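Enquirer: I have a structure I would like to understand better, so I am pasting it below and will then ask my questions one at a time.
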Amino acid sequence: MIPREIQERYAELADRIRRHDHAYYVLAKPTISDAEYDRLYRELRDLEGQYPPLIARDSPTQRVGGKPLEAFKPFRHGVPMMSLDNTYSREEVAEFVERVRRLLPGEILEWTVEPKIDGVAVNLRYEDGLFTAGATRGDGITGDDITANLRTIRGLPLRLGGAVTGSHGSSSESDLFQRRPSIQIPRILEVRGEVYMPTAAFDRMNEERERSGEERFANPRNATAGSLKQLDARVVAGRPLDIVLYGAGLIEESGTGVPFEQRTLLKWLQELGLKTPEKTWFCRSLLELFEAIDDLDRLRKDFAYETDGAVIKLNTFALRDQIGATAKAPRWAIAYKFAPEQAETQLQKIVIQVGRTGALTPVAELTPVFLSGSTISRATLHNDEEMRRKDIREGDWVLVEKAGEVIPAVARVLFERRTGKETPFQFPRHCPECGSLVSRTANAGGDDLGVVWRCSNPDCPAQVRGRIEHWCARGVMDIEGAGEVLISQLVKRGLVRDVADLYKLTVFEVAGLERMGAKSAQNFIEAIEASKNRELWRLLFGLGILHVGAGVAKALCRHFESLDEMRLAGIEELTRVADVGEVIAQSVTRWFGDPRNQGLLERLRAAGLKLKSTPGPAATRPGPFTGKTFVLTGTLPHMTREQATAKIEALGGKVAGSVSKKTTCVIAGADAGSKLDRARQLGVTILDEGQFEKLCAED
Ligand code: IVH
C-alpha cells in the first residue's frame, strides 16, 4: 500500500505540473521559474521511481514512450476528416459566399476566418478527458496511428480540462490555482488541428543539423511531416513540434455545453486546455470577409507558424449540416490561399533602364516564373551598389520576391546553385540610351547620394520618353492610347520633346506614324484634348517633380489654388502643407526656379491647360463605405462610370483613379485593362457589377 500522503502529494504535483505546462506551452505565459518547475518535476519523477504503481498514463514523465514501432497501425476516424476546396482568387470567394447564400435562402450568414496553418493535419482522440490516440488524416477515413509521436508534443495536453483559460492572462502561480472552472468533459472527443514546427525553432534546428553534418529540412512543413513519420518517438521528442486545434470530429456523451457554432467551439477548446489559432475573425458580410483576409495577411508574418491562406467557415453548425459536403470537401468552408511571395528562377541577363529622372536602374531578365498571382520575367536590381552587395551575376539562380512592392525584386542569389559559369556585371559609365557620361551626383533632395547613377543629359530620349509616359499614365493625366510604342515614335521623330508638345500635335502628324490609322490618331488627339480638364493635382503630379507623388500633389493643391501661388511660396509656407517636409519643399522650389520648367509651364498655359484648381466634388457623406476606396475599370454592363461613382459616394466611399494596396475593391467590367492586372498583382478584391450591387444592397 502506498501511504495516502504520498498519493496525495503525487496527485498535487502532477496537477501543478500540468497547469504549468498549460500556462507555458499553450498560453505562452509561464507562471514559475524554470528552476522551480524542474524541482517539481524531479520530485514527481523521484516519487514515481520509489512507487512505480503511482505512474499515471497522463503523467508528464510519460511523454516519450518505449520501443520504436515496426509500423504505424491504421486508425479509423470517428467522423471522416475532409479537406477543403482551395482558391487563389477573391472572385471565387465571392462566388462561394453567393453559392452558400443560394443554398440557404433567408438565413443570416455568419462566418469565421482563421489562419490556414501550414502544417500536418491530425485528429486527436480523448476519452474521459485522457488523450488516448492520435492520427494523421490519411485518406480521410483511416489514417496512421501516430499516438506515441503526438504524446511528445508538450503543447498537446495528455489530460483535458481544469485549465485556466487564456483570456484572463494568469500571471502568478496562485492565480493559476484559484480559478478552477468546472467544465464538462465529453466521454469521447475528437479534435482536429495542425501539427507544426514554429518558424524560429525550425531555423535553430536547421542550423544545428548543419553544424552536425545532417541534411537541412526544406521548410517547417517538411520538417513536421518528416518528424511525425518517425517510428521512434524518442527522435520526435527532440523535434520542436507544436499543435493548434480548430475543429471537432466525433463528440459523445457530452452533457451540456457542447458548442453549436465555430466561434464558441474555439472558446470551448481553449477551456478544455487546447491551443487554438492565435487570431480569428467573425464576419457578417463579404466585405468584412475581405477585410479579415487582408488583416490576416498583414499579421501572419508575426505568427509563430507559417500560414498559407485563410480558412473561411460558416459559423453556425446547423446551417453547415443543412448544406453538407461534396465527395471530398464541405460546402460550408473554403480556403483562400495567399499567392506565394517568393520564387526561384534563373537570371538570364542584366539590362539597364533609364528612367524619367535619368536614373540608371539595372533590371534582371528572368526565366519566367509564377509569383504573387502573375508570371514575371523581369525584376529590379535597384542599383549598382545593391547589386554588388548581393554579388548578383548573369546566369545566377536567384530568389525573387514581391514584398509589398508592385515591381518584383531579386532578394538574394542562391549561391548553392552557382556553377562557376556566371558572369559579373560591369555597370556602364555612359548612358546606354544617349551615350552621355553618367554621374553619381545626387538629384534634388539628395537621399540617393552616391548610390544612383544618372544620365547627365536632360534631353536624353529615354528621359523624355519617361516623362511623357508618366504624364499620360492613367493615375496621372490619363491620356488614353498613349502607349510605349506610340510615345517612343513621337520622341524619335522629334514631334514631342516635352509634355507641352503633346498639345501641338495634329491628327495628320500622328496618323503618319507606324501602326496608326486615321481613326486611332483622331482618338489620340481627342484624348489629349480631354486631358486639359484634369484636376490640378494630376497636372502637378504629371510634371514629375522629385518627391511629388499623387498624395503630395493632392495635399499641395488643397493648400494652394494655383501653380503660381505654389511657385511664389517660400520653403516655410510650403512646409505648412500636411505631408510636406523640408526635402519636398526644396525639391518643389528648385523645380519652379529652373527657367526651363518655367518655360514649360508657360507653354502648357498657352496650350489651354488650367494651372489653377477647379472646384472639386462636394465632400462625401459618411455611410457604410466610409473609409473605403474603390476603383472602377472597364465597361460595366448596366451602369455608367458616373452612376457607379455616385452610388459609391452616396454610401460614403471614395473612387480613386488607380489601384494601390489601399484600394478596398476594384469593380471590373468588360475590357478592363491594367488596373485589373494591378489589382490581381496586389491581391486587391475584384468584383463584377452584380457582386458590387449586392455589396451596396448588403450594407
Ligand atoms: S478546417 C472540413 N481550419 O488545410 C474542414 N483546416 O486544405 C477541414 N488547415 O486538411 C479543415 N488550417 O490540414 C481547417 N484553420 C484551419 C486550418 C486547416 C490549416 C489545413 C487542414 C486541411 C487543409 C485543407
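Enquirer: Residue by residue, what Karplus-based ³J(HN,Hα) values in Hz, rounded to whole numbers, does region 352-365 have, using 6.51, -1.76 and 1.60 with θ = phi - 60° and x for Gly and Pro?
Expert: With the stated coefficients, region 352-365 comes to 10, 10, 9, x, 6, 9, x, 5, 8, 10, x, 10, 8, 8 Hz.
Enquirer: Based on the Kirkwood radius over alpha-carbon pairs, what value in µm²/s does the Stokes-Einstein equation return for the translational diffusion coefficient of region 480-523 at 10 °C and 1.306 mPa s?
Expert: It diffuses with D of about 152 µm²/s by this estimate.
Enquirer: Under the Karplus relation 6.51 cos²θ - 1.76 cosθ + 1.60, θ = phi - 60°, what is the ordered set of whole-Hz ³J(HN,Hα) values for region 279-296, x standing for Gly and Pro?
Expert: 8, 9, 10, 10, 10, 10, 8, 4, 4, 5, 4, 5, 5, 5, 4, 4, 4, 4
Enquirer: Then there's this: Starting from the Kirkwood radius over alpha-carbon pairs of region 575-644, derive D by Stokes-Einstein at 37 °C in a medium of 0.692 mPa s and give it in µm² s⁻¹. If you can, show how the numbers build up before the last one.
Expert: Numbers: Rh = 16.8 Å.
The Stokes-Einstein estimate is 195 µm²/s.
Enquirer: OK, next. Give me the percent relative contact order of region 1-75, please, defined on Cα pairs under 8 angstrom at least 6 residues apart. Mind dumping the intermediate values first?
Expert: Working: 29 pairs, mean separation 24.6, N = 75.
Averaging sequence separation for qualifying contacts and normalising by length gives 33 percent for region 1-75.
Enquirer: How high is the relative contact order of the chain, in percent, with contacts defined as C-alpha pairs under 8 Å that are six or more residues apart? Write out the running numbers ahead of the final one.
Expert: Numbers: 1230 pairs, mean separation 68.2, N = 699.
For the chain, the relative contact order is 10 percent.
Enquirer: Let me ask you something else. Can you list residues from other chains, or at least 5 along the same chain, whose modelled amide H is less than 5 Å from the amide H of GLY247?
Expert: The list, which skips near neighbours in sequence, is ARG192.
Enquirer: Looking only at region 520-540, which residues have a backbone nitrogen under 15 Å from a spot 7 Å from the Cα of LEU505 in the C-beta direction?
Expert: 520-532
Enquirer: About the Cα centre of region 288-444, what is the dipole size in debye to 20, counting +1 per Lys and Arg Cβ and -1 per Asp and Glu Cβ, all else neutral?
Expert: On the way: 22 positive and 23 negative charges, 65 e Å.
Value, rounded to 20: 320 debye.
Enquirer: I've got another one for you. Taking every pair of Cα atoms in the chain, average 1/r, invert it to obtain the Kirkwood radius, and report Rg/Rh to two decimals. Working shown, then result.
Expert: On the way: Rg = 32.0 Å, Rh = 30.2 Å.
For the chain, the value is 1.06.
Enquirer: Fully extended, how many nm does the chain gain between VAL485 and ARG605 (0.36 nm per residue separation, minus their Cα-Cα distance)? Mind showing how you got there, number by number?
Expert: On the way: separation 120, 0.36 × 120 = 43.20 nm, distance 2.74 nm.
Gain in length upon complete extension: 40.5 nm.
Enquirer: Need the full-extension length gain, ASN597 to ILE323, defined as separation in residues times 0.36 nm minus the C-alpha distance. One decimal, nm. Could the numbers behind the result be given before it?
Expert: On the way: separation 274, 0.36 × 274 = 98.64 nm, distance 6.65 nm.
Length gained, ASN597 through ILE323: 92.0 nm.
Enquirer: While we're looking at this one, here's another question. Going by Cα centres, region 286-322 and region 185-199 are how many Å apart?
Expert: 19 Å
Enquirer: Okay, moving on. How large is the charge dipole for the chain, taken about the Cα centre, if only the Cβ atoms of Lys, Arg (+1) and Asp, Glu (-1) carry charge, to the nearest 20 debye?
Expert: Numbers: 97 positive and 99 negative charges, 147 e Å.
Using Cβ point charges on Lys, Arg, Asp and Glu, the chain gives about 700 debye.
Enquirer: Let me ask something additional. Once you have the alpha carbon radius of gyration of region 67-117, what is it after dividing by 2.2 N^0.38 Å, with N set to its residue count? The partial results should precede the final answer.
Expert: Numbers: Rg = 18.3 Å, N = 51, 2.2 N^0.38 = 9.8 Å.
For region 67-117, the normalised Cα radius of gyration is 1.87.
Enquirer: Taking a ≥ b ≥ c as the square roots of the Cα gyration tensor eigenvalues, with a/c under 1.5 meaning rounded and otherwise prolate when a/b beats b/c, else oblate, which class fits region 441-586? Walk me through the numbers before you get to the answer.
Expert: Numbers: a/c = 2.88, a/b = 1.58, b/c = 1.82.
Oblate shape, in that a/c is at least 1.5 and b/c is the bigger or equal ratio.
Enquirer: Work out the charge dipole of the chain with +1 on the Cβ of Lys and Arg and -1 on the Cβ of Asp and Glu about the Cα centre, then indicate which of TYR196, PRO622, CYS557 is farthest towards its positive end.
Expert: Of the candidates, CYS557 comes out farthest on the positive side.
Enquirer: Given the -39500 (n - 2.57) contribution per DSSP H run of 4+ residues, what per-residue ellipticity at 222 nm results for the chain, rounded to the nearest 500 deg cm²/dmol? Provide the component values of the computation, followed by the final result.
Expert: Numbers: 25 runs with 245 residues, N = 699.
One gets -10000 deg cm²/dmol as the mean residue ellipticity at 222 nm.
Enquirer: Let me ask another. Calculate the spin-label point distance for LEU437 paired with GLN62, positioning each point 7 Å from the Cα along the beta-carbon direction, and give it in nanometres.
Expert: 8.4 nm
Enquirer: Follow-up. Using r as the Cβ-Cβ distance of THR375 and TYR51, and R0 as 56 Å, what FRET efficiency do you calculate, to the nearest 0.05? It would help to have the intermediate numbers written out before the result.
Expert: Details: r = 67 Å, r/R0 = 1.20.
In this case the efficiency is close to 0.25.
Enquirer: Compute the angle between helix 262-271 and the longest alpha-carbon principal axis of the chain, please, reported from 0 to 90 degrees and rounded to the nearest 10.
Expert: Between helix and principal axis, roughly 50 degrees.
Enquirer: Isolated Cys in the chain by the 4.7 Å beta carbon test?
Expert: That list is CYS283, CYS472, CYS557, CYS665, CYS696.
Enquirer: Along region 568-582, what does the Karplus equation 6.51 cos²θ - 1.76 cosθ + 1.60 (θ = phi - 60°) give for ³J(HN,Hα), rounded to whole Hz, x for Gly and Pro?
Expert: Here the 3J(HN,Hα) series is 7, 6, x, 3, 4, 4, 5, 6, 6, 6, 4, 6, 9, x, 4 Hz.
Enquirer: If you count the DSSP beta bridges with both ends in the chain, what percent of them are antiparallel, to the nearest 5? Mind dumping the intermediate values first?
Expert: Numbers: 74 of 87 bridges.
In the chain, approximately 85 percent of DSSP beta bridges are antiparallel ones.
Enquirer: With contacts defined as alpha carbon pairs under 8 Å and 6 or more residues apart, what's the relative contact order of region 388-546 in percent?
Expert: Working: 183 pairs, mean separation 25.3, N = 159.
Dividing the mean separation by the residue count of region 388-546 yields 16 percent.
Enquirer: Taking R0 as 45 Å, what FRET efficiency do you get between THR423 and ARG101 from their Cβ-Cβ distance, rounded to the nearest 0.05? Please list the in-between numbers first.
Expert: Details: r = 58 Å, r/R0 = 1.29.
Result of the calculation: an efficiency of 0.20.
Enquirer: For HIS638 and VAL451, what does the FRET efficiency come to when R0 = 51 Å and r is the distance between their Cβ atoms, rounded to the nearest 0.05? Walk me through the numbers on the way to the answer.
Expert: Working: r = 52 Å, r/R0 = 1.01.
Efficiency computed from Cβ-Cβ geometry: 0.50.
Enquirer: At ALA697 and ARG76, where each label point lies 7 Å from the Cα along Cα→Cβ, what is the point-to-point distance in nanometres?
Expert: 4.8 nm
Enquirer: Using the 2.2 N^0.38 Å rule of thumb for compact globular proteins, work out how region 198-320 stacks up: its C-alpha Rg over that value, please. Let's see the in-between values first.
Expert: Working: Rg = 18.2 Å, N = 123, 2.2 N^0.38 = 13.7 Å.
Region 198-320 yields a ratio of 1.33.
Enquirer: Treat every Asp and Glu Cβ in region 184-286 as -1 and every Lys and Arg Cβ as +1, leave all other atoms uncharged, and give the resulting dipole magnitude about the Cα centre to the nearest 20 debye.
Expert: 200 debye
Readers should treat all values here as calculations from the given coordinates under stated rules, not as data from a laboratory. Here the structure is a predicted model, which is why all the values come from computation and not from measurement. Ideal geometry is used to build each Cβ from the backbone, glycine not excepted, and the neighbour counts take in all protein chains shown.
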